[in-house]
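Rule-based calculations on the coordinates, nothing more; no lab input. No experiment lies behind these values; they were computed from the predicted model shown. In this analysis, Cβ positions are derived from the backbone assuming ideal geometry, glycine residues included, and neighbour counts consider all displayed protein chains.
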Amino acid sequence: MNVEIENMRHVRVFTAAPRPLNTTITTLGWVFHWNLENGSLVKHKARLVGRGFAQAFGVDYQEAHLYAPVMRLESFFEFLPRSPRYPT
């Protein structure tokens, strides 16, 4: 985990900022995922995520539009030729 945090600091994923007054800090947690193939470990991943469930609307955040759409790269390449800018 320390290696992952150092990698994030190196590529400047986040920066330290002073804590605003009268706010609560959202804590972080690790999500681990192991890929197994025929019962043997092939790959392991660790992701650092914020625990957003601990926030209260109107206290910790004001915006209600917090949806962040995610698309698989394969889907992107499937829809790209169908866009009006790239006629087939």
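What is the sum of charges, Lys and Arg at +1 and Asp and Glu at -1, for the other residues whose Cβ falls under 14 Å from the Cβ of ILE5? Present the calculation step by step, with values, prior to reporting the outcome.
Values: positive: ARG9, ARG12, ARG47; negative: GLU4, GLU6.
My count for the surroundings of ILE5 gives +1.
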Q: Describe numerically, in nm with one decimal, the distance between label points set 7 Å from Cα along Cα→Cβ at ALA16 and at LEU28.
A: 1.3
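So how do 3-9, 36-42 stack up, highest first, on mean other-Cβ count within 10 Å?
Values: 3-9: 11.1, 36-42: 7.4.
The peptides rank, most packed first, as 3-9, 36-42.
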Q) How much length is gained if the chain between ASN2 and SER40 is pulled fully straight, taking 0.36 nm per residue apart and subtracting their Cα-Cα distance, in nm to one decimal? A) 11.2 nm
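Dipole size in debye (nearest 20) for region 2-63 around its Cα centre, Lys and Arg Cβ +1, Asp and Glu Cβ -1?
Working: 7 positive and 5 negative charges, 24 e Å.
That gives a dipole near 120 debye.
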